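The values are calculated or read from the model by the stated rules, or taken from the named source; none is laboratory data. Model, not experiment: these values are computed from the prediction. All Cβ positions, glycine included, derive from the backbone under ideal geometry; neighbour counts span all protein chains shown.
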Amino acid sequence: MDAKGVVLGRLAVKVANVLRGKDKPTYTPHLDAGDFVVVINAAQVKLTGKKEEQKSYMSYSGWRGGERYRTVAEVRAKHPENLIEHAVKGMLPKNRLGRQMLTKLKIYAGADHPHSAQQPKPMTLT
């Protein structure tokens with residue numbers, strides 16, 4: 001899936017549904033029946049409104065005073081893959097099954113990826 005110019009939330013919904021297998025007629029909530037997803041051009045994903053400056057991501061180191069807030073612009077500059085991963089992770093189940101599904105998500109900031117031997121089929125948002 002190409003994330004170039006696509007709104008982050010709409011992309012994350014489509015990716016989460018494919019990871020869970022909800023697009024298949026054999027969908028079962030308690031089984032991992034989804035497919036692997038490769039997302040390219042993560043650095044060029046789009047956010048609507050003023051989220052680029054106002055939205056922030058919080059991380060906590062576990063130490064006292066170890067709370068750290070980063071804006072979308074800071075995350076996009078260092079690790080643009082984390083934008084998509086964070087959005088998709090929030091849409092998956094919060095249990096062992098959800099963690100297993102998240103391992104099938106491969107995100108790359110640029111246009112090239114090492115999964116061409118698996119012959120991935122391009123997906124689009126419809």
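Please determine whether any residue of region 4-12 is under 20 Å from Thr124 (Cβ atoms), at pLDDT 95 or above, among the aliphatic types (A, V, I, L, M) and part of a strand (DSSP E or B).
yes
Select from region 29-47 the residues that are in a loop (DSSP other than H, G, I, E, B) and in contact with a Gly (Cβ under 6 Å, 6 or more places away or on another chain) and write down the one among them that is surrounded by the most Cβ atoms within 10 Å (Cβ to Cβ).
Selected residue: Gly34.
Got a sec? Which of Glu81, Glu52 is touching a helix residue (DSSP H, G or I) at 6+ places or on another chain (Cβ under 6 Å), at pLDDT below 95 and surrounded by 11 or more Cβ atoms within 10 Å (Cβ to Cβ)? Reasoning before the result, please.
Working: Glu81 fails: at pLDDT below 95.
Result of the check over Glu81, Glu52: Glu52.
Is there a residue in region 36-48 that is in contact with a helix residue (DSSP H, G or I) (Cβ under 7 Å, 6 or more places away or on another chain) and either at pLDDT below 95 or over 24 Å from Leu125 (Cβ atoms) (or both)?
no
Matching residues to (1) in contact with a Phe, Trp or Tyr (Cβ under 8 Å, 6 or more places away or on another chain); (2) more than 13 Å from Arg20 (Cβ to Cβ):
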{"site": "Leu83", "(1), (2)": "no, yes"}
{"site": "Lys89", "(1), (2)": "no, no"}
{"site": "Leu92", "(1), (2)": "no, no"}
{"site": "Leu97", "(1), (2)": "no, no"}
{"site": "Lys104", "(1), (2)": "yes, no"}
{"site": "Ser116", "(1), (2)": "no, yes"}
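Could you give every pair whose Cβ atoms fall below 8 Å, whose first residue belongs to region 35-64 and is free of Cβ contacts under 8 Å to residues at least 24 places away in the same chain and among the basic types (Lys, Arg), and whose second residue is surrounded by 14 or more Cβ atoms within 10 Å (Cβ to Cβ) and in a loop (DSSP other than H, G, I, E, B), counting only separations of at least 6 or pairs across chains?
Filtered contacts from region 35-64: Lys55/Leu47.
Taking only pairs six or more apart or across chains, which ones have beta-carbon atoms under 6 Å, a first residue in region 97-122 that is surrounded by fewer than 12 Cβ atoms within 10 Å (Cβ to Cβ), and a second residue that is among the hydrophobic types (A, V, I, L, M, F, W, C) and not in a helix (DSSP H, G or I)?
Between residues of region 97-122 that are surrounded by fewer than 12 Cβ atoms within 10 Å (Cβ to Cβ) and residues that are among the hydrophobic types (A, V, I, L, M, F, W, C) and not in a helix (DSSP H, G or I), the close pairs are Ala111/Ile40.
Sort out which residues of region 1-53 are under 17 Å from Ala77 (Cα atoms), more than 14 Å from the chain's Cα centre (by Cα) and not basic (Lys, Arg), and write them in order of number.
Hits for region 1-53 are Gly5, Glu52, Glu53.
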